[in-house]
Each structure stands twice: as structure tokens, then as C-alpha cells.
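Step one of this worksheet: look at the structure below.
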Amino acid sequence: MNKIAIVILNWNGLDFLKRFLPIVISHSTHPDIDIYVADNGSTDDSLFYVKSNHPEIKIISLEKNFGFAGGYNQALKNIKSEYFIILNSDVETTPDWIFPVINYMDKNKNVAACMPKIISYKNREYFEHAGAAGGFIDKYGFPFCRGRIFDQLEKDNGQFNDRKEIFWATGACLFIRAELYKSEGGFDDDFFAHMEEIDLCWRLKNKGYKIVYIPDVAIYHVGGGTLPNENPHKIFLNFRNNLYLLYKNLPTKKIFIVFFIRLFLDKLAAIKFLFQGEPKNSFAVFKAYISFYSNLKSFKKKRKKLLKFNQNQDHPEILKSSLVYDFFVKRKTTFDKLEF
């Protein structure tokens, strides 16, 4: 058993594999590291390319597209290692991108997961949307990052070069203890894609573990490789999964008021899409609520089970105010202006 398993989930990502896999290999040659490509039922020539050009890569071939969450759960269940590095196929790694994080986790056993600095592949002066310099949420469940609030990206001027405990680490490049990933049941398959890493991090934090941002390492992320941000299905997944996230993990004393206010805010979002001439995106919001309530019975069972093992539900990494109000009304468009 090697200490570290880098696992890249692929779905029809031949172009990304050609562009980035050789770089990952060149930056990850070490006797303690295995590299896997887990293929989510691709119909392109992804597997043929990997087998033909990189025979050193271990391949896990899945019979269908299980999504991001289910795909990783299927792939990781039979991999034995101390650490998993979950890595998107559209990531350019950098030299010495692994061991500064692993060494930190070796020394800090209460840290369940870490992430590096995520920089935009296309505009390298700026942070990238999916993770930036560490993830947070507000009290109504809206996720944001140091370096990114909604779609507002900050330039990386070294302002987030400090190691910091965060609320969630991005699935674009997630370092996590394999034992904890498996004991927690991994990602929630019902999420399919989007916010499954926030859910997993929240579950781990509720059990007393820490999630940490390590700026010693930076990687470059393309982002939006599978679904562009304006895609109605992506909007559906984000709104629905955010409701799943809140329902599973919120303290009982907060759940009613949070859902009451979220219903109001999400209606405003649907109306906004409509007035922008995006009826499909507007319908995606309502479709998310229909899907959520259709699956509420199974999520009640999940919530009941999780509540038995929670040790801590008071997290300083949750913004106590409304991010929507702070951003759109008070014009707090950068992380340093937010008051926790």
C-alpha cells in the first residue's frame, strides 16, 4: 500500500487528459505515490489514450456515469492508501505540490482535509471560482471563498498566504485522510455533482475535525469543464444540493428559520433569472425544490443518523450575516470586508 493515491475522475475528458495528465505525472513521481484515472463510463477515447501513452497509470473503469460523488465513491472504495488526493482532470499541477500539504497533515492528526491555493488557469493573476483560497458558507448556506464571493474574483496579491482553518475544501484538489473518507461513507451519492465536498467537510467538522487551507502550494484550475456556469442543469444541481446540504447538517434550532428565509431568497433568484430572459434557469430553481421535497423522506433518515454523532455544530467559519445582503446591498464584494 502506497501512502498517497492521486485519483482523477474522468468523463469524456480526453482533451484535458492530453493537456494535464503528463504534467501531473511529471510532478508526482515518487515511490509513495500511485496515480489513478477513474473513468466514469466515457464514450470518447479517454481510456485508449491513457493505456497507450501512460501505462504507469492505474485505471479504474466504471460501467456508467455515476456523477462526481458516486464516481469517486465507486473508485475509492477499493484503493488502499493513507491519503487520497481527489484531483479534477482540468487542473495543472506545479512542482512540489503534494508534500507540503501531506507533511502538514502528518503533523496535525486532527486535520481531516486540506486544499491548496486555487488559481485561474485562464487568468493567472486571479483566484479561481472553485475553491480560491478556502471555502466558507453564510448562515443561510450560500458558499463562498476567500478570494471569491459569488462570481466576483479577487486578484491574488498574496493577501491569503496564511494557513487558515476553513469550512470546506474544494473537490477540484482535495487532500483527505482515506480512513476518514471511508468511515464517513465518502461523498453523498444523491448529490451527483456540486457541493458534495461541502457536505463531507461539514460532516467532518461536526465530528470535531479541522479543514485547512495550505497556501504553500498553488494549482491552476480551468473550471466549468463539464457544465458551464450558465447551464440550467448546473443551476438545478446547485440549488437542490444546497437544500440537501442544509437539511442534513444544520442544528435543529436553526433549520426552520433558515429554510423559511432560503425559500424567499431562492424565489427572488428565480424571478431574477426570468427578468434576465433566462426562463430555463428560472424553472431550474423550482425544479430543485420539487426534487428536494420528493427525496425528503430519505434525507430525514440521513439527518437523524448524523445528529447522533455530532460533537460540534457551532463553527466560526460560518458567516453570521447574510452573504446576499452583504454583497448586493452593502456592496461587500471582497472577503476582507465580511464580518464573521
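Considering only the stretch 180-232, how many residues are in a loop (DSSP other than H, G, I, E, B) and open to solvent by 10 Å² or more (accessible area, probe 1.4 Å)?
Residues flagged as in a loop (DSSP other than H, G, I, E, B) and open to solvent by 10 Å² or more (accessible area, probe 1.4 Å) within the stretch 180-232 amount to 20.
Might you check whether a residue that is at pLDDT 95 or above, of a type in the set (Gly, Ala, Ser), open to solvent by 50 Å² or more (accessible area, probe 1.4 Å) and outside any helix (DSSP H, G or I) occurs anywhere in the stretch 52-63?
Yes, the stretch 52-63 contains at least one residue that is at pLDDT 95 or above, of a type in the set (Gly, Ala, Ser), open to solvent by 50 Å² or more (accessible area, probe 1.4 Å) and outside any helix (DSSP H, G or I).
Take the residues of the stretch 307-331 that are more than 19 Å from VAL258 (Cα to Cα) and touching a residue at least 40 places away in the same chain (Cβ under 8 Å): which is least open to solvent (accessible area, probe 1.4 Å)?
Filtering first and then ranking leaves ASN310.
Consider only pairs whose beta carbons are under 7 Å apart and that are at least six residues apart or on different chains; among these, list those whose first residue lies in the stretch 266-279 and is surrounded by 14 or more Cβ atoms within 10 Å (Cβ to Cβ) and whose second residue is aromatic (Phe, Trp, Tyr) and in a helix (DSSP H, G or I).
ASP266/PHE239; ALA270/PHE286
Give all pairs with beta carbons closer than 8 Å in which a residue from the stretch 179-196 that is under 20 Å from PRO143 (Cα atoms) meets a residue that is outside any helix (DSSP H, G or I) and polar (S, T, N, Q); count only pairs at least 6 apart in sequence or on separate chains.
Close Cβ pairs satisfying both conditions: ASP190/ASN295; ALA193/THR226.
Select from the stretch 226-285 the residues that are touching a helix residue (DSSP H, G or I) at 6+ places or on another chain (Cβ under 9 Å) and β-branched (Val, Ile, Thr) and list them in ascending order.
THR226, ILE235, THR252, ILE255, VAL258, ILE271, VAL285 - these are the residues of the stretch 226-285 that are touching a helix residue (DSSP H, G or I) at 6+ places or on another chain (Cβ under 9 Å) and β-branched (Val, Ile, Thr).
Can you name every residue in the stretch 1-50 that is assigned to a strand (DSSP E or B), under 21 Å from TRP97 (Cβ atoms) and open to solvent by less than 10 Å² (accessible area, probe 1.4 Å)?
Within the stretch 1-50, ILE4, ALA5, ILE6, VAL7, ILE8, ASN10, VAL37, ALA38 qualify.
For the stretch 288-336, which positions are among the hydroxyl-bearing types (Ser, Thr, Tyr) and farther than 17 Å from PHE142 by Cα?
The answer is SER291, TYR293, SER294, SER298.
Taking ILE23 as meeting all but one of (1) in contact with an Asp or Glu (Cβ under 6 Å, 6 or more places away or on another chain); (2) under 23 Å from VAL111 (Cβ atoms), write down the number of the exception.
Result: ILE23 passes all but (2).
How many residues are open to solvent by less than 10 Å² (accessible area, probe 1.4 Å) and either of a type outside the set (A, V, I, L, M) or outside any loop (DSSP other than H, G, I, E, B) (or both) if we restrict to the stretch 91-109?
6
Answer yes or no: is there a residue in the stretch 157-179 that is part of a helix (DSSP H, G or I) and on the phi < 0 side of the Ramachandran plot.
Yes, because at least one residue in the stretch 157-179 is part of a helix (DSSP H, G or I) and on the phi < 0 side of the Ramachandran plot.
Within the stretch 84-103, can one find any residue that is within 28 Å of LYS332 (Cβ to Cβ), touching a residue at least 24 places away in the same chain (Cβ under 8 Å) and among the aliphatic types (A, V, I, L, M)?
Within the stretch 84-103, none of the residues are within 28 Å of LYS332 (Cβ to Cβ), touching a residue at least 24 places away in the same chain (Cβ under 8 Å) and among the aliphatic types (A, V, I, L, M).
Give the number of residues within the stretch 290-306 that are of a type in the set (Phe, Trp, Tyr) and open to solvent by 30 Å² or more (accessible area, probe 1.4 Å).
Total meeting the criteria: 1.
Test of understanding: among ILE166, ILE214, ILE219, which residue is in contact (Cβ under 8 Å) with a residue 12 or more places away in the chain, in contact with a helix residue (DSSP H, G or I) (Cβ under 7 Å, 6 or more places away or on another chain) and over 21 Å from LYS305 (Cβ atoms)?
ILE214
Quick one: how many residues across the stretch 138-163 are aliphatic (A, V, I, L, M) and either without any contact (Cβ under 8 Å) to a residue 40 or more places away in the chain or over 16 Å from VAL329 (Cβ atoms) (or both)?
Number satisfying all stated conditions: 1.
Being open to solvent by 10 Å² or more (accessible area, probe 1.4 Å), assigned to a strand (DSSP E or B) and touching a Leu at 6+ places or on another chain (Cβ under 9 Å), is that true of even one residue in the stretch 142-156?
Scanning the stretch 142-156 turns up at least one residue that is open to solvent by 10 Å² or more (accessible area, probe 1.4 Å), assigned to a strand (DSSP E or B) and touching a Leu at 6+ places or on another chain (Cβ under 9 Å).
Looking only at the stretch 315-333, decide whether some residue is within 23 Å of the chain's Cα centre (by Cα) and farther than 21 Å from LYS254 by Cβ.
yes
Check the stretch 120-127 and report whether any residue there is touching a Cys at 6+ places or on another chain (Cβ under 9 Å) and under 25 Å from SER183 (Cβ atoms).
No, the stretch 120-127 contains no residue that is touching a Cys at 6+ places or on another chain (Cβ under 9 Å) and under 25 Å from SER183 (Cβ atoms).
The values are calculated or read from the model by the stated rules, or taken from the named source; none is laboratory data. Quantities reported herein were computed from a predicted structural model and do not represent experimental measurements. Glycine gets a Cβ as well: all are built from the backbone with ideal geometry, and neighbour counts include every protein chain shown. For accessibility, only protein heavy atoms count, side chains too; no ligands or nucleic acids. Shrake-Rupley method; radii C 1.70, N 1.55, O 1.52, S 1.80 Å.
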